[in-house]
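Encoded as structure tokens, the structure appears first; notes follow it.
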Amino acid sequence: MMQEYLAAKEREKEVNLVDRGIRLMLEEALGREEKLGDGSNSDFWVGKAVCWEMCHCPPAIRDECPATKYTSLPCWEIEGTYCKLENKGPVVTGTDTSICEVCKVHKQYGGDKSVELKLYGRGIKTSIPRRA
């Protein structure tokens with residue numbers, strides 16, 4: 001009986017090590033600054049009205065917007081959300097945060113913090129040349 005218990009504890013340790021390794025690899029691969037699913041701040045929107053509902057985004061936009069995929073961060077910290085898309089000559093970028101400063105979502109949940117992008121390269125077609 002004791003050997004079974006010790007073997008089960010050893011397997012549990014191994015699973016926890018593998019789980020931790022996978023989480024670390026995911027965090028590195030995603031370039032995220034926050035821990036994945038560690039119970040603290042794993043989803044910014046828990047208990048809040050999500051931005052895509054507050055802004056009445058249609059399904060076509062909502063399905064592509066990174067704010068719906070990276071919920072550990074508020075929308076104003078993610079490059080390439082639909083709201084931030086801006087034409088700069090022949091290129092579309094997703095870094096214009098001026099809209100965030102006047103947005104009702106940021107005003108409600110961002111407090112007095114300034115807008116600062118923290119997640120890059122995951123947005124809607126950012127930095128893709130437009131067709132002529």
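Here are the numbers for the structure shown:
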| read-out | value |
| --- | --- |
| Residue list for the stretch 60-103, filter: buried (at least 17 other Cβ atoms within 10 Å of the Cβ) and among the acidic types (Asp, Glu) | 77, 79 |
| Unmet requirement for residue 127, which otherwise passes all of (1) modelled with pLDDT of 90 or more; (2) over 16 Å from the mean Cα position of the chain (by Cα) | (1) |
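The values are calculated or read from the model by the stated rules, or taken from the named source; none is laboratory data. Since the model is a prediction, treat every value here as computed from it, not as a measurement. Note: ideal-geometry Cβ built from the backbone for every residue, glycine included; neighbour counts use all protein chains shown.
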